[in-house]
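Visitor: Provided herewith is a single structure, encoded as structure tokens, for subsequent inquiry.
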Amino acid sequence: MLAEKREPRRIELGQYQQNLGLLDGSSLVKPPAEDPAAVASNLVKHLEQHPQDSEAREKLAAIYVEHYQRLDLAADQFEQLLAQPNLPARQAVHLLNTFADLHIKHAGDVTAASQVLQRIVDLFPRSAAAENAKKRMAYLQLELRSKKESKVLKLGSYEQNIGLKTRSGLTD
């Protein structure tokens with residue numbers, strides 16, 4: 001009994017994978033990819049029962065744009081969200097900014113994004129959100145340019161040690 005008090009009782013554990021973060025194949029760690037069509041149909045069924053669920057409607061709009069490339073269906077979802085009664089100003093601004101993001105990212109339409117941001121200014125004229133929307137409208141063209149892939153220019157081959165060569169006539 002005295003020996004057991006001095007030596008702690010050891011519990012044997014099974015063999016497990018070590019250094020999970022260093023594995024080459026991260027497919028072991030990732031969850032399986034969901035089918036966007038199945039997720040969209042589940043969200044539509046859910047929204048039939050719970051039409052006020054903002055999060056589900058926002059996810060559905062994202063699927064419409066990213067998977068189906070249908071910005072018009074996403075616009076309908078955003079309009080339904082914005083038409084909800086007692087919508088907080090913060091939520092409305094978030095929805096309109098997200099909708100402007102979709103116009104820039106997926107449609108590349110600066111005019112439509114500017115119109116969406118103008119709605120923020122019209123709805124909340126003397127707020128910080130209106131000022132942020134005005135600033136963002138000024139930089140929409142830059143946002144559009146940043147979303148596009150830049151061209152890769154392949155340069156020619158040049159001498160590698162340009163600064164390390166010795167000039168002729170000088171001693172080393």
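Visitor: Of all residues in region 42-77, how many are among the hydroxyl-bearing types (S, T, Y) and either surrounded by fewer than 13 Cβ atoms within 10 Å (Cβ to Cβ) or assigned to a loop (DSSP other than H, G, I, E, B) (or both)?
Guide: Going residue by residue through region 42-77, those that are among the hydroxyl-bearing types (S, T, Y) are 54, 64, 68.
Now narrow it down to the ones that are either surrounded by fewer than 13 Cβ atoms within 10 Å (Cβ to Cβ) or assigned to a loop (DSSP other than H, G, I, E, B) (or both): 68.
Number satisfying all stated conditions: 1.
Visitor: Separate question: On the phi < 0 side of the Ramachandran plot, modelled with pLDDT of 90 or more, surrounded by 12 or more Cβ atoms within 10 Å (Cβ to Cβ) and not assigned by TED's automatic domain parsing to the domain that holds Y139: does that describe F99?
Guide: The answer is no for F99.
Visitor: Another question, if that's okay. Does H94 count as under 22 Å from S146 (Cα atoms), at pLDDT 90 or above and either part of a helix (DSSP H, G or I) or in the same structural domain as N132 (by TED's automatic domain parsing) (or both)?
Guide: On the way: under 22 Å from S146 (Cα atoms): yes; at pLDDT 90 or above: yes; either part of a helix (DSSP H, G or I) or in the same structural domain as N132 (by TED's automatic domain parsing) (or both): yes.
Yes; evaluated as a whole, the condition is true for this residue.
Visitor: Still on this structure: When the residues of region 108-151 are narrowed to those that are farther than 24 Å from Q69 by Cα and β-branched (V, I, T), which ends up surrounded by the fewest Cβ atoms within 10 Å (Cβ to Cβ)?
Guide: The qualifying residue surrounded by the fewest Cβ atoms within 10 Å (Cβ to Cβ) is V121.
Visitor: Return yes or no: is K154 touching a Lys or Arg at 6+ places or on another chain (Cβ under 6 Å), surrounded by fewer than 17 Cβ atoms within 10 Å (Cβ to Cβ) and either in the same structural domain as V44 (by TED's automatic domain parsing) or not hydrophobic (A, V, I, L, M, F, W, C) (or both)?
Guide: no
The values are calculated or read from the model by the stated rules, or taken from the named source; none is laboratory data. These numbers were taken from a predicted model, which means no experiment stands behind them. Positions of Cβ are backbone-derived with ideal geometry, glycine not excepted, and every protein chain shown enters the neighbour counts.
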